[in-house]
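S.K.: Mind looking over this structure? Questions follow.
The values are calculated or read from the model by the stated rules, or taken from the named source; none is laboratory data. The model shown is predicted, which means the values in this text are computed figures rather than measured ones. Positions of Cβ are generated from backbone atoms using ideal geometry, with glycine treated the same way; all protein chains shown enter the neighbour counts. Side chains are part of the model used for accessible areas, which takes the heavy atoms of the whole protein and leaves out ligands, DNA and RNA. Shrake-Rupley method; radii C 1.70, N 1.55, O 1.52, S 1.80 Å.
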Amino acid sequence: MPAALSPTAPATQLPAPSGVNTDPRLGQIAAKLQRGQRLSLDDGQVLYTTPDIWGVCELADSVRRRLHGGVAYYNINRHLNYSNVCALSCKFCEFYRKKDDADAYTRDAEYVKAEVARAVEAGATEMHSVGGLHPYLPFSYYTDLVRTIRQESARLGGELHVKAFTAVEVVHLAKIAKVYRQDDRAAGIRWVLERLKEAGLGSLPGGGAEVFDDRVHDEAYKGKIRSDVWLDVHRVAHQLGLNTNATILYGHIEQRRERLVHMDMLRTAQDEALVRLGYRADPQGAVTLTAPGARPPTPSMNAAGGYFQTIIPLPFFPDGSELEHLPGPAGLENLRTLAVARLMLDNFPHVKAFWIMQTLAMAQLMLQCGADDIDGTVVWYDITHVGGASTHQEVNAAALRRAVRQAGFEPVERDTLYRRVERQGQRWRLADEPAEAHRAAQG
Ligand code: V47
């Protein structure tokens, strides 16, 4: 029996904790990270296959601490799914309904105003709004939706940032408005985004990306836009000064290599966005924000916009979908994928452990494996019902803060653009804003 495992061995001879030393290949990756060098797809393959998952977490945590120190973010938000009617029938999706289904819904202005009132009363800073590709709603429905959220929240003494419409919806809107042309996709996308921005749209969420691979696309979400179009929408949004997020929906019919390719395509798109904002690329065209001494975007850059803020790995939930026969990813795969995303996406400032899909307990672990954000209070969530949850999936801000503290980090409330929020009850303001600019939920 090795001394370290002998029951009589002194405590100092306990086995070495799992770490980068247990797999020499991780040592080589650690050296690259130390130099601020971008990881290759083969490095990603090592991170995915090494038995030393805690070594991978340790690396992701060291990179995350370089960027965010001991801080982890949450926000006070609401999700508003304006309609579950969808022209598509993606195999992974349990959310979509057809127009005549008994439980199909489309929210009207009164419903939206009531949700805004509840959100303002709770001191929320963000309304996250997405829906299916409704075949019949006119383009004006969407600009009205954004305008209603903005105007109604202002009327009630609050301010809700509108983060709305995935890239898939943006293209659908361009088709509805009859401005989408295959030979100049960007023009139609720009037309839509300019009007939504003018109505008050603040940023784009990261949904609809799934996995950027044509085989997976054709098998699981045929009819949806492909990766090139998804990236076009985000590129145009960035050019218009909108910040956006990105997701990866993993654990269904894709291979791990395809996830890595997805991450690589996102970081290439982010290189382009950051160069446009004045960052200098290395000779290979890479801009790494996780290199020692690199400067992540500042709060004023966040406000000016124009790049990807956050990667959100979404584990596939089979229940109720056409792919129900698949098991979906298990806990360690979720942990590892999040850590791999932190390490591969070296130019994404933030990595979100979306607690609704990961569970709050898992989100705590993820904070120790590369995540710096757990999303928000959410309240209503209709897209997945993890563990048989109802649509009402709410965690209050105190519980989010407690979860972050238990994970060993200082909880910081942020707005959608990752600016610090200071608040007294429902009254809030941005930390670097003059006191008189208080946004207040009255009363
Ligand atoms: O686009 C659908 C995914 C996404 C399933 O930007 C599923 O801050 C798992 O994008 N199992 C919507 N995932 C959610 C989303 C999101 C969530 C939180 C924060 C942000 C952000 C974005 O959910 C869809 C799709 O990729 N999805 N069905 C499923 N069965």
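S.K.: Tell me whether segment 126-144 contains one or more residues that are within 16 Å of the ligand (Cβ to nearest atom), outside any strand (DSSP E or B) and touching a residue at least 60 places away in the same chain (Cβ under 8 Å).
M.R.: no
S.K.: Does His238 satisfy being buried (at least 22 other Cβ atoms within 10 Å of the Cβ) and closer than 26 Å to Ser390 by Cα?
M.R.: Against the criterion (buried (at least 22 other Cβ atoms within 10 Å of the Cβ) and closer than 26 Å to Ser390 by Cα), His238 does not qualify.
S.K.: Between residues in segment 312-340 that are closer than 26 Å to Arg267 by Cβ and more than 13 Å from the ligand (Cβ to nearest atom) and residues that are part of a loop (DSSP other than H, G, I, E, B) and not hydrophobic (A, V, I, L, M, F, W, C), which pairs lie under 7 Å by C-beta distance while being six or more apart or on different chains?
M.R.: Glu333/Gly251; Leu338/Gly370; Ala339/Gly370
S.K.: Further, regarding this structure: I need every pair where a residue in segment 259-286 that is on the phi > 0 side of the Ramachandran plot has its Cβ under 7 Å from the Cβ of a residue that is modelled with pLDDT of 95 or more and surrounded by 14 or more Cβ atoms within 10 Å (Cβ to Cβ), sequence separation at least 6 or different chains.
M.R.: Cβ pairs passing all conditions: Gly285/Asp271.
S.K.: When the residues of segment 369-394 are narrowed to those that are assigned to a loop (DSSP other than H, G, I, E, B) and closer than 16 Å to His128 by Cα, which ends up modelled with the highest pLDDT?
M.R.: Taking the candidates together, the pick is Thr377.
S.K.: Taking Val233 as the residue in question, decide whether it is part of a loop (DSSP other than H, G, I, E, B) and either crowded, with 23+ Cβ neighbours inside 10 Å or within 15 Å of the chain's Cα centre (by Cα) (or both).
M.R.: no
S.K.: Let me ask another. Report the residue count in segment 258-308 for those that are of a type in the set (Ser, Thr, Tyr) and surrounded by 18 or more Cβ atoms within 10 Å (Cβ to Cβ).
M.R.: 4
S.K.: Still on this structure: Restricting attention to segment 348-380, which residues are farther than 18 Å from Asn334 by Cβ and of a type outside the set (A, V, I, L, M, F, W, C)?
M.R.: Residues satisfying the conditions are Pro349, Gly376, Thr377.
S.K.: I need the full set of residues from segment 144-175 which are over 24 Å from Gln426 (Cα atoms) and surrounded by 20 or more Cβ atoms within 10 Å (Cβ to Cβ), in order please.
M.R.: Phe165, Thr166, Ala167, Val168, Glu169, Val170, Val171, His172, Leu173, Ala174, listed by residue number.
S.K.: Looking for something open to solvent by 20 Å² or more (accessible area, probe 1.4 Å), within 16 Å of the ligand (Cβ to nearest atom) and either on the phi > 0 side of the Ramachandran plot or of a type in the set (Phe, Trp, Tyr) (or both) - is there at least one such residue anywhere in segment 216-224?
M.R.: Within segment 216-224 (the criterion being open to solvent by 20 Å² or more (accessible area, probe 1.4 Å), within 16 Å of the ligand (Cβ to nearest atom) and either on the phi > 0 side of the Ramachandran plot or of a type in the set (Phe, Trp, Tyr) (or both)), the answer is yes, since at least one residue qualifies.
S.K.: Which of the residues belonging to segment 248-257 are under 21 Å from Asn347 (Cα atoms) and within 15 Å of the ligand (Cβ to nearest atom)?
M.R.: Those that are under 21 Å from Asn347 (Cα atoms) and within 15 Å of the ligand (Cβ to nearest atom): Ile248, Leu249, Tyr250.
S.K.: Additional query: Quick check, is Arg66 touching a residue at least 60 places away in the same chain (Cβ under 8 Å), open to solvent by 10 Å² or more (accessible area, probe 1.4 Å) and not in a strand (DSSP E or B)?
M.R.: yes
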